[in-house]
Amino acid sequence: MQTVWLTGAEWLAVLRIGLGLWWLESWRHKDKKGWFERGTGIAWAADVAGRHRWPVVKSGFDTVVAPRPKLMAYVVVYAELALGLGLISGFLTPVALVGGLLLNLLYLVLMIHDWAEQGQNAMMALISLVALLAMSWQTWSLDSAIGLF
């Protein structure tokens, strides 16, 4: 498909790179000292999970996250960095797209009551799904350059 400036595949790459920049910005603006030293991010999530309308969210949080808050803080923060870099460079793109989709769905479920956050997570999840199903790694990516996928 040819458009005015770019081909359809190139527009998909732009979408993928834009999503990567969005993840990178999510990582950049986090107070890493607060997340890693004071546990602010996990404490906030614990509060949200504790008041969640679905009991499975609190029990899941208590089972997976609460026993290892420091590790989970690193997992969340550096997952966002890895997603951003992977999508921008186009390296292991399908893995990054699935990981980002799952992380956004997790954020959607955790913050089901906070409609201000839902738009961002819904849009990022939709972009991930489109980029994944349209195989956006075929153009302007390390995956394409080295013959992965």
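Where q = 0.16, 0.18 Å⁻¹, what log10 of I(q)/I(0) comes from the Debye formula for region 1-49, counting one point per Cα? Each listed q maps to, in turn, -0.61, -0.67.
Put simply, when 31-42, 60-71, 130-141, 7-18 are sorted by average Cβ atoms within 10 angstrom per residue, most first, you get 130-141, 7-18, 31-42, 60-71. Using only side-chain charges placed at the Cβ, +1 for Lys and Arg and -1 for Asp and Glu, the dipole size of the chain relative to its Cα centre rounds to 400 debye. Rolling a 1.4 angstrom probe over the chain with all protein chains present gives an accessible area of which 72% lies on carbon and sulfur atoms.
Each distinct pair of alpha carbons in region 1-84 adds a 1/r term; the inverse of their mean, the Kirkwood radius, is 14.9 Å. In this structure region 10-73 gives 60 Å² per residue of accessible area when probed at 1.4 Å with all protein chains present. Taking 14 Å as the cut-off, the amide N atoms of region 100-135 that come nearer than this to a point 7 Å along the Cα-to-beta-carbon line of V64 belong to 100-111. Start at zero, step by 10 Å, and the Cα-Cα distances of region 23-146 spread as 13, 39, 34, 13, 2 percent across the bins.
Between the listed residues N121, V95, T63, the Cα displaced farthest toward the positive end of the dipole of the chain, a dipole computed from Cβ unit charges relative to the Cα centre, is found at T63.
The values are calculated or read from the model by the stated rules, or taken from the named source; none is laboratory data. Please read these numbers as outputs of a predicted model, since none were measured by experiment. Please note: Cβ atoms are built from the backbone with ideal geometry, for glycine as well, and neighbour counts cover all protein chains shown. Accessible surface areas use protein heavy atoms only, side chains included; no ligands, DNA or RNA. Shrake-Rupley method; radii C 1.70, N 1.55, O 1.52, S 1.80 Å.
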